[in-house]
Amino acid sequence: MTNNVNALKKLAAQIRLGAMEAIQARGFGHVGGSLSVADTLAVLYGAILRVDPNNPKWPERDKMVCSKGHAGPAVYAALALKGYFPYEDILTLNQPGTNFPSHCDRKKTPGVDMTTGSLGQGTSLAVGMALGDRLKGRDSRMYLIVGDGELNEGQPWEAFMFAAAQKLDNLTVLIDWNKKQLDGFVADINDPQSFAAKMEAFGFHTQQVKGNSVEEVLRAIQACEEVKGRPHAIVLDTIKGAGIKEVEDTFSNHSMTPKPEVIQGWVQILRDQIAAMDGGVFDA
Amino acid sequence: MPKIVYDGSLDPRTFKDVIGQTIIRLLESDPDVIYVDADLMSTIGTYKYHQEHPDRAINMGVSEANMMGVAGGLAASGFKPIAHTFGPFASRRSFDQVFLSAGYAGNDITVIGTDPGVCAAFNGGTHMPFEDVALYRAIPTATILDITDTVMFKTLLPQLIERPGVKYIRVGRKQNAKVYDEGSAFEVGKSIRLREGSDLTIIACGIMVHEALQAARILSEQGIHAEVLDMFTIKPLDVEGLLHSAKKTGAVLVAENHNKIGGLYAAVCEALAFHHPTPAACVAVEDEYGEVGPQDYLQQRFGLTKEHIVQVAQDLIKRK
């Protein structure tokens, strides 16, 4: 665990590299949404979550539910770097019989706290788990990552209303506001207006930060500790495809099938970034 | 063994009272049991308990999809959740959540869907599930019960919450005929022979058990001896009990308060077709939507009475 910003930046780059190497091994995958959320995963697994990779089902652990389950490659990279399983395992992404499916599956992957992928459903599950932990008297925190496109669904808003009514202050919702969904810009397809205003109106302690800045994400998550009696929301102002300029600049970057030499180029960019970074080797 | 006390009279207790009392007894005897409802606590007598124990009996409001997901999350936290709402909302309204957030994700939950089929009566077609069994049957390894009387309900719910997977109970809230004596034991997946016969087998569940027993009496006066099985577990189906009776009688009539597509009749036909092809027929809803009215009117309207069973039975045995 570390609060060292340089170490977290390096971890975020390593998560990006892991996600891209997993996707490279299969040849296609959810590139944009895996990259946009990498910094948040780095902060969670590098600095925040009380978890034990040797005991993934430790009941008192903090939990992380990635309701935008298609960010599986980034989650798997974070879990591998944290020490849940060998890094090479994630290169079996979406191969027949793999334990690393495109969308997160708690029955297959050690460290995945909940099965997600059908958008919206992870929200209620996470709220139920946060409520269950409180009722069991556990001092556990729940971090729920949702996508902005995912919030087209109605179910998350049912879950948010209920979480606020139950005063679930052990819950932090992290909205990956990367501005794009499969078909295009979120604002063009079904404009959600302000997520921050909505979460505030739902009764959440709400912050909005630059979501591809580990410093800002870390500070915002730490600030949640000080606020009791309400669930927390952090709107992460992110870029879909963040960290690889060519992906950021590609309009349709939700699921991509890059040419082998193209994705090899992305992997090399990330390797070069990591080699040039301070922070040493991440120590789980 | 179940002790049969059927004489055609009504159960002295309403399901409404027994459902609520059974849930509350489980909550009080097992701290891992938790109960969630979607603003229908007052319909099964649990609202007062909720006011006193809001952390054990949790009112989700009118949000069935969220309720099933939260129930799944509570299961992941180590609880044995019981979720209640009316049948249509417990099935088609929240099907994807039950399928994925509970079933696929490995979160074991028990769902009670009240007012199945024509029992929805004055709430009408919007509230009248003729397809809930069909939906739940398509969930891998789900357990599905259609409850006959109050003794059966209060005996089986404690068993059901300990079973793995998705469990669905369809049960009315009014009075059914009393069939089983206090203290009767029931086993999930094991049908009960209520009447012996040799000419045909009538397989019934839920409110249709009473109709089947009355029909069997009428048929016996005509010299037709019907065997009656209470197939209260629709999934897993008691194939052994079905085949034992079908081989003896050579004709099978299924009576259910459900669309003829996808329910008990379909399950029975699938088993017979593979193991022992047998002439079969049903008394069930003929692929229609529901409508409003008193239950006795609706049973006439959709062909779910003892007279319909007698008619279909007479035609069926000619096909033997």
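Please treat every number below as a calculation from the coordinates, not as lab data. Just so it is clear, the model here is predicted, and its values are computed rather than measured. Here the Cβ positions follow ideal geometry from the backbone for every residue, glycine too, while neighbour counts run over all protein chains shown.
This ranking places B:TYR180, A:TYR143 by how few other beta-carbon atoms lie within 10 Å of each, fewest first, which gives B:TYR180, A:TYR143. Ordering B:PHE99, B:PHE274 from the fewest to the most neighbouring beta carbons within 10 Å gives B:PHE274, B:PHE99. Based on the Kirkwood approach, the hydrodynamic radius assigned to the range A:17-122 is 13.5 Å, with every pair of different Cα atoms included.
Translational diffusion of the protein assembly as shown was estimated from the Stokes-Einstein equation, with Rh taken as the Kirkwood radius over Cα pairs; at 4 °C and 1.567 mPa s the coefficient is 50 µm²/s. What is the Cα centroid distance between the range A:25-78 and the range B:50-82, reported in whole angstrom? Taking the Cα centre of the range B:50-82 as reference, the centre of the range A:25-78 is 26 Å away. Computed as a quarter of the hull surface, the mean projected area of the alpha carbon convex hull for the range B:83-180 stands at 5.9 nm².
For a straight C-alpha distance cut-off of 27 angstrom, the lysines reachable from A:LYS57 (same-chain residues fewer than eight places away being disregarded) are A:LYS68, A:LYS82, A:LYS107, A:LYS108, A:LYS136, A:LYS167, A:LYS228, B:LYS80, B:LYS167. Simple point charges give the picture: +1 on the Cβ of Lys and Arg, -1 on the Cβ of Asp and Glu, and for the range B:15-171 a dipole about the Cα centre of about 160 debye. Inter-part distance, the range B:275-320 to the range A:1-19, computed on C-alpha centroids, equals 66 Å.
Only Lys, Arg, Asp and Glu carry charge here, each on its Cβ (+1 for the first two, -1 for the last two); on that basis chain B has a dipole of about 380 debye about its Cα centre. Dimensions of chain B based on its C-alpha atoms, expressed as ranges along the principal axes with the largest first, amount to 58, 38, 38 Å. With a Förster radius of 25 Å applied to the C-beta separation of A:ASP188 and A:THR250, the computed FRET efficiency comes to 0.90. Projecting the Cα atoms of A:MET256, A:THR40, A:ASN99 onto the charge dipole of the protein assembly as shown (Cβ charges, centred on the Cα centre) puts A:ASN99 farthest toward the positive pole. Look at where the Cα atoms of the range B:140-177 and of the range B:189-263 average out, and the two centres are 19 Å apart.
Angle of helix A:121-135 to the longest C-alpha principal axis of chain A, folded into 0 to 90 degrees and rounded to 10: 50°.
Taking amide H as placed 1.01 Å from N in the peptide plane, B:ILE139 has no amide H partner under 5 Å among residues 5 or more places away or on another chain. Shielding value for B:58-67 is 6, the average number of Cβ atoms from other chains within 10 Å of each residue's Cβ. Rounded to the nearest 0.05, what FRET efficiency do A:THR2 and B:ARG92 have when you use their Cβ-Cβ distance and R0 = 45 Å? Taking R0 as 45 Å, the efficiency between A:THR2 and B:ARG92 is 0.35. Taken over the Cα atoms of the range B:15-171, the convex hull encloses 95 Å³ per residue. Residue exposure proxy: A:TRP157, A:TRP58, ordered by other Cβ atoms within 10 angstrom of their Cβ from fewest to most, comes out as A:TRP58, A:TRP157. Per residue of A:157-164, other chain Cβ atoms within 10 Å of the residue Cβ number 4 on average. Each residue of the range B:263-269 was assigned a 3J(HN,Hα) from its phi angle through the Karplus curve 6.51 cos²θ - 1.76 cosθ + 1.60 (θ = phi - 60°); the sequence is x, 4, 4, 4, 5, 5, 5 Hz, with glycine and proline shown as x. The label-point distance for B:GLU52 and B:LYS320, in a model that sets each label 7 Å from Cα toward Cβ, rounds to 5.6 nm. Shape annotation for the range A:5-276: C-alpha extents along the principal axes are 51, 44, 36 Å, from largest to smallest.
Take every pair of alpha-carbon atoms less than 8 Å apart whose residues are at least six positions apart; their mean separation over the length of chain B yields a relative contact order of 18 percent. Close amide-amide hydrogen proximity is noted between B:ILE202 and B:GLU227, B:VAL228, B:LEU229, B:LEU253, each under 5 Å apart and 5 or more residues distant or on a separate chain (H modeled in the peptide plane; Pro and chain starts excluded). Can you work out the PRE-style zone for B:MET1? Point 7 Å along Cα to Cβ, and I want the residues of the range B:144-183 with backbone N under 17 Å. B:180-183, by backbone N distance to the label point.
Based on the Kirkwood approach, the hydrodynamic radius assigned to the range B:145-270 is 14.8 Å, with every pair of different Cα atoms included. When +1 charges are put on Lys and Arg Cβ atoms and -1 charges on Asp and Glu Cβ atoms, the dipole computed for the range A:5-276 relative to its Cα centre reaches about 620 debye.
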